[in-house]
Amino acid sequence: MDYTSAFRSLIRMKWLATTLVVATLSWALGLPFLFNTASASQLLSVSATASSSAPSVSTNYMVRFTTVNPIGGSTGSTTRITFDPTGNTFDVSAVALGTDVHISRTGGGLTQVANIGACAGGTDEIYASNQGTNPDYIEFTTCTGDSIAAGAILVNISNAHVVNGTNGSYVVRINGTMTDAADTRIAIISSVTMTAIVDTNLTFTIAGVASSSMINGDTTSTSTSATAIGFGVISVGTSSIAAQDITVATNAFNGFSVTITENQDLTSANGANINAFKDNEAVTGAPVAWTTPAGTLGVTETYGHMGVTSEDSSLPTDAFGTSLYAGLTATSTRTVLYHNAVADGTTDNIGKTRVGYRVQVTALQEAAVDYNNVITYVCTPIF
């Protein structure tokens, strides 16, 4: 027997069989089945910011991202925001799609309509179409045939209808049937003590400051810890000043911001309070030089006030300058540390700053031994 001829015949038969399989698949499924090169793109400047980072509380969220490819097309496409995709620690069941969820695009080019029935022949219409649980998500759908150009997108989930999970670091995923997708992270942690160590490299710490330390041109009169600020007995006509050091270390490409807020003015059980600087007309805009309370008899808002300052000179226009203060309220936030790139947690004005709190009262301030409030720090990285 000629074994060489037999082997060559066998090779020709295998080649013919392979050719027939490829031809059959190409006819049945189309060439893209074999040569599909489409892939998702990475979203840019992705962040999720909560109005409160405290665990198990109802809060608002702002989700920002920049698309590389258009959203939509001939059959429409979905954009889904999922909180903790691998768990079930958040709750969006109370979110009302018609009133709580808003989407916009920087520069326009996106029109939100109420639902699919409101698609009215525009070219860039989108609506909040669905929500789900386990995991919890909010979803948008473009009207059929509409397209939203690549650009910066902002999603607001308002009316405090998202319930945070327990302490920890969680993924927020933006994807759907649209081409682009990406993950960001949020840190849920108890008020004041906010230390978040996550696999995307975010560490946020708060530390106490000793008495007689400098804070943005002034000198502290009392010591603090990482979790408590105690002014003790406040002398009439003399400012009491305290401070805390905050640090951020992160590898977030676009940096981070740290904001503060409070749950109430310094308030006593008897109903008396020490109002926001100055004289209860809270300075929520540009900080100003410290002034003593007016102390007008019968106008309780002028009996005493509390303000905040920061040493971070990298804030826009160096907002706090030297010895400048702003008011702090339960309905406003104030940025006290900001950087637009990675931070090491040790360099001043990049990954570290000192935040100061100043209180002054007049002889008219009501007597009480239990004035108190809660300060909350929120650290938001932008990956």
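The numbers here are math on the coordinates, done by the rules we state, and not lab data. As the structure is a prediction and not an experimental result, all values here were calculated from the model. We place every Cβ from the backbone using ideal geometry, glycine too, and count neighbours over all the protein chains shown.
Which of the peptides 66-73, 110-117 is most tightly packed, and how do the rest follow, going by the mean number of other Cβ atoms within 10 Å of each residue?
66-73, 110-117
How much net charge surrounds Q244 when only the other residues with a Cβ under 12 Å from the Cβ of Q244 are counted, with Lys and Arg +1 and Asp and Glu -1? Intermediate values should be presented prior to the final figure.
Working: positive: K352, R354; negative: D245, E311.
Net local charge, Q244 excluded: 0.
Provide, in order from the shortest bin, the percent of all Cα-Cα pairs of the stretch 66-161 in each 10 Å bin, continuing until the bin that contains the maximum pair distance.
For the stretch 66-161, the pair-distance distribution reads 17, 47, 31, 5.
Among N273, F90, G122, flag the residue with its Cα farthest along the positive direction of the charge dipole of the chain, charges on Cβ as +1 for Lys/Arg and -1 for Asp/Glu.
G122
Quick one: putting +1 on the C-beta of Lys and Arg, -1 on the C-beta of Asp and Glu, what dipole do you get for the chain around its Cα centre, in Debye to the nearest 20?
Dipole about the Cα centre, nearest 20: 1160 debye.
Towards the positive end of the charge dipole of the chain, with charges on Cβ (+1 Lys, Arg; -1 Asp, Glu), say which of G351, T296, T219 has the farthest Cα.
G351
Once you have all Cα-Cα distances for the stretch 202-381, histogram them in 5 Å bins from zero and send the whole-percent values.
Result, from short to long distances: 2, 9, 18, 21, 21, 15, 8, 5, 2, 1, 0 percent.
What are the equivalent ellipsoid semi-axes of the stretch 130-260, built from the alpha-carbon gyration tensor (square roots of five times its eigenvalues), in whole angstrom, biggest first?
42, 16, 16
Would you kindly enumerate the cysteines in the chain that have no other Cys beta-carbon under 4.7 Å from their beta-carbon?
C379
So how long is each side of the chain along the principal axes, counting just the alpha-carbon atoms, biggest first, in Å?
115, 54, 36
Calculate the translational D of the stretch 101-143 in whole µm² s⁻¹ from Stokes-Einstein, where the hydrodynamic radius comes from the Kirkwood formula applied to all Cα pairs, the temperature is 25 °C and the viscosity 0.890 mPa s.
221 µm²/s
Projected onto the charge dipole of the stretch 255-383 (+1 at Lys/Arg Cβ, -1 at Asp/Glu Cβ, origin at the Cα centre), which of V283, I375, S314 gives the Cα projection farthest towards the positive end?
S314
If the only charges are +1 at each Lys and Arg Cβ and -1 at each Asp and Glu Cβ, what is the size of the charge dipole of the stretch 41-188 around the Cα centre, to the nearest 20 debye?
Around 220 debye, computed over the stretch 41-188.
For the stretch 208-221, take each phi angle, set θ = phi - 60°, evaluate the Karplus expression 6.51 cos²θ - 1.76 cosθ + 1.60, and give the result in whole Hz per residue in order, putting x for glycine and proline.
Result, rounded to whole Hz: x, 10, 6, 5, 6, 9, 7, 9, 6, x, 10, 10, 5, 10.
Would you compute the Debye intensity of the stretch 277-378 from its alpha-carbon atoms alone, equal scatterers and no solvent, and pass along log10 I(q)/I(0) at q = 0.11, 0.12, 0.21 Å⁻¹ to two decimals?
The Cα Debye sum returns log10 ratios of -0.39, -0.46, -1.10.
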